[in-house]
Amino acid sequence: MKKWKNSTLISIATTALHLIILAHSASSSQYTPCPNSCSGNGKCTTPWGVCSCFTGFTGTDCSLRTCPLGPAWSDSATADDSAHGSAECSNRGKCDRNTGRCSCESMFEGSACERLACPNACSGRGRCLSSKALARMQDPGVLRKASGCTSTEICNDGGCTVRNYGACSEVNVYETPWEADHFFGCLCDEGYAGYDCSIRTCAMGDDPLTGSQNNEVQLLQCHADFGTFTLSFKRETTALISVDASVTDVTNAINALASLEGQQPKVAVSWTGGVGVCISSGNNIQVTFLQDFGDLPLLIPDGTNLGQTSGSDTPLITAQKVVTGDKESDICSNHGTCDEEKGICQCLDDWMTSDGYGNAGTRGDCGYRSTGTTSTCPGEPACLGHGTCLGPPTYRCACEAGRSGPDCSLIDCPTGKSWFSFPTAENAAHSEAVCSDMGICNRNTGQCECTSGFEGAGCQYLTCQQDCHGNGQCLSMATLAQINEVNGDPTPYSYGSDPNNSLTWDSDQVFGCHCSDNFEGYNCNLKSCPKGDDPNTQHQHNEIQQLSCTDSNDAGSFQLSFRGQSASVDATDTAADLETALNGLSTTEMVSVSYADPTIYAGAPSLGPDALQLCRASEGLINIEFMAPTGDVPEISVTNSVGIDGALTMTTTQDGTKEYITCSGRGLCNHSSGLCDCFPGYASSDGQGNIGSRRDC
């Protein structure tokens with residue numbers, strides 16, 4: 001075994017230590033610290049010194065706060081009929097980068113501005129509900145008018161041993177559309193109406209001058225000999241009704257419903273099958289509506305607690321219409337107009353409140369003529385010259401289009417798709433409504449007085465804040481989809497082209513901002529800052545695309561298109577000509593064009609006339625290098641080729657791997673000035689890591 005002298009060991013140890021120090025120094029020289037140490041809100045990734053921010057923080061140095069996300073009220077589609085993606089403050093509020101809180105537009109609320117607030121808090125006269133919740137408040141009797149509530153709906157099997165009365169109370173759900181949980185509106189209390197429940201409603205009634213009309217009659221069939229049941233009308237439910245209840249008992253139970261109109265008695269009840277309302281073999285009960293006129297919602301029965309002593313008999317109660325009411329249910333019985341501030345009918349001369357049958361009463365509906373007889377249509381001249389008098393016996397005015405009221409004195413307002421209404425089918429709503437249910441109709445002028453944020457003759461547009469501050473265009477969702485871009489390339493989608501697609505109902509109603517160049521933000525009020533490559537990240541490349549053109553007659557031409565802009569090119573153009581043409585496009589900030597074969601320059605003056613052309617008989621290969629924008633850019637497309645008799649292609653030979661980020665990732669953007677506040681040690685570059693005039697850090 002060889003023995004080492006102490007001096008030799010010391011020399012080896014010293015050399016090793018020097019190597020360690022040198023290695024450490026080399027490693028340290030390649031390490032770049034993160035800006036501001038990521039402000040303590042992120043992790044510094046090595047070796048290039050790039051911050052990876054913790055949740056809730058953003059910015060190159062993680063010094064800025066993010067804000068809550070919500071479905072965008074307006075944005076560009078990401079596919080056909082697919083929009084309303086997640087966005088900070090739901091694209092209806094400004095993010096405070098110091099606090100991480102959204103400052104919402106006046107109509108919007110929620111941590112992410114994700115809810116449209118109820119106008120005027122429903123004036124204290126209604127419930128503020130989402131579209132989804134509103135659907136659950138729909139009257140099932142309206143949906144069951146035609147089909148009834150029969151054993152077909154109630155019985156879950158052939159023998160009806162299992163009964164589900166809840167089936168008759170099912171309503172159309174509204175859950176799938178994007179705004180189901182975000183659009184809030186008012187469900188007004190009885191006696192109030194309007195988008196904000198600020199209007200008082202007036203009594204409705206039958207026009208006594210129209211004859212040969214019928215009250216509504218509904219038929220209940222009750223098979224039971226013990227237990228109780230209930231009846232619901234317009235979502236109001238009776239007290240429990242026993243199977244042995246008398247006619248008077250049942251009449252009183254129904255008359256007690258607040259959802260019935262007019263004066264007592266409001267219904268008449270009769271049957272012939274026995275003393276009690278229900279019998280084992282089945283009793284037919286007729287309910288005639290005496291004060292509610294027209295085609296009425298169905299009474300919805302619930303016989304869950306009914307029973308039969310005999311096990312072979314099935315307890316069951318059903319409901320259906322036998323006579324559909326065809327009397328009018330006109331505002332003020334068509335013989336007056338409604339004072340919407342007081343909720344009182346202003347009756348025409350000689351007309352007063354009635355009992356619903358042409359006699360004096362307490363309905364408040366102008367259905368009783370107190371003196372004289374009717375021999376002319378109301379108005380002087382008849383129908384005020386805005387309609388045709390139908391003559392005896394009704395003397396009703398058939399008003400011209402745009403006019404209404406008993407004497408055609410009222411001017412109708414425009415209609416539009418309702419912003420907030422009961423669904424007409426599963427996940428389908430937004431039927432036509434006056435002022436789109438977002439404004440009050442001024443019947444003297446025929447103009448809608450829209451609530452804040454809604455515009456258009458019929459309040460049919462949810463518009464852009466301050467018209468995008470003059471820094472963009474306020475466009476519909478359909479148009480935003482058509483001008484969509486992906487990586488700067490025009491990528492049009494359709495949104496709402498199918499009128500039967502209930503999920504894109506807002507295509508022509510909801511508007512958003514499309515910002516002009518150098519502006520950004522949901523309302524285009526932020527100035528954009530320059531972008532560039534992070535100078536600290538290494539081993540990255542510019543994108544290089546190669547044009548191949550073969551042409552033998554020097555007579556051809558074509559176009560090159562990049563991100564929606566085009567340059568015309570002749571076969572005889574040189575690389576310098578092409579560079580000038582491409583740099584003339586605003587979408588290509590800076591490109592360098594060269595011949596793929598550098599030797600083509602050697603002895604150029606003595607070469608043939610086509611030697612330096614883009615297109616050559618022996619194929620010309622031209623490299624186009626993107627100096628800015630850096631990163632992976634779309635491939636230039638070759639179009640409108642004329643007279644090129646050979647191959648003409650564009651191929652990406654080297655993908656761009658550099659960043660193209662705001663302030664080159666080495667500064668923060670001042671959106672008030674559109675200038676980068678660079679971190680210490682960084683300044684304006686040429687886009688390639690050298691000093692320049694891009695102001696990109």
### Task
Restrict the check to region 177-193 and report whether at least one residue is open to solvent by less than 40 Å² (accessible area, probe 1.4 Å), touching a residue at least 12 places away in the same chain (Cβ under 8 Å) and hydroxyl-bearing (Ser, Thr, Tyr).
no
### Query
Restricting the search to region 626-645, which residues are part of a loop (DSSP other than H, G, I, E, B) and either open to solvent by 40 Å² or more (accessible area, probe 1.4 Å) or touching a Gly at 6+ places or on another chain (Cβ under 9 Å) (or both)?
Pro629, Thr630, Gly631, Asp632, Val633, Pro634, Glu635, Gly643, Ile644, Asp645
### Query
Yes or no: Gly356 within 24 Å of Cys197 (Cα to Cα), open to solvent by less than 40 Å² (accessible area, probe 1.4 Å) and small (Gly, Ala, Ser)?
no
### Query
Among the residues of region 541-561, is any within 44 Å of the chain's Cα centre (by Cα), open to solvent by 40 Å² or more (accessible area, probe 1.4 Å) and free of Cβ contacts under 8 Å to residues at least 24 places away in the same chain?
no
### Query
Using beta carbons and a limit of 9 Å, which pairs, at least six apart or on different chains, have the first residue in region 399-426 and more than 23 Å from Cys186 (Cβ to Cβ) and outside any loop (DSSP other than H, G, I, E, B) and the second one among the β-branched types (Val, Ile, Thr) and open to solvent by 50 Å² or more (accessible area, probe 1.4 Å)?
Cys399/Thr388; Ile411/Thr445
### Query
Within the bounds of region 291-313, is there any residue that is open to solvent by 20 Å² or more (accessible area, probe 1.4 Å), within 42 Å of the chain's Cα centre (by Cα) and of a type in the set (A, V, I, L, M, F, W, C)?
no
### Query
What residue, among those in region 268-279 that are open to solvent by 40 Å² or more (accessible area, probe 1.4 Å) and in a loop (DSSP other than H, G, I, E, B), is nearest to Ala319 (Cα to Cα)?
Thr272
### Task
Find the residue count for region 45-81, including only residues that are out of contact with any strand residue (DSSP E or B) (no Cβ under 6 Å at 6 or more places or on another chain), of a type in the set (Ser, Thr, Tyr) and surrounded by fewer than 22 Cβ atoms within 10 Å (Cβ to Cβ).
4
### Query
Which one of Glu619, Glu589 is open to solvent by 20 Å² or more (accessible area, probe 1.4 Å), touching a Pro at 6+ places or on another chain (Cβ under 7 Å) and modelled with pLDDT under 95?
Glu589
### Query
Do we find a residue being open to solvent by 60 Å² or more (accessible area, probe 1.4 Å) and not polar (S, T, N, Q) anywhere in region 83-90?
no
### Task
State whether one or more residues within region 160-174 are over 21 Å from Asp302 (Cβ atoms) and either touching a Leu at 6+ places or on another chain (Cβ under 8 Å) or not in a loop (DSSP other than H, G, I, E, B) (or both).
yes
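The values are calculated or read from the model by the stated rules, or taken from the named source; none is laboratory data. What you are looking at is a predicted structure, and each value in this text was computed from that prediction instead of being measured. Cβ: placed from backbone, ideal geometry, glycine included. Neighbour counts: every protein chain shown. The protein model used for the area step is the full one, side chains on, heavy atoms only, and it has no ligands, DNA or RNA in it. Shrake-Rupley method; radii C 1.70, N 1.55, O 1.52, S 1.80 Å.
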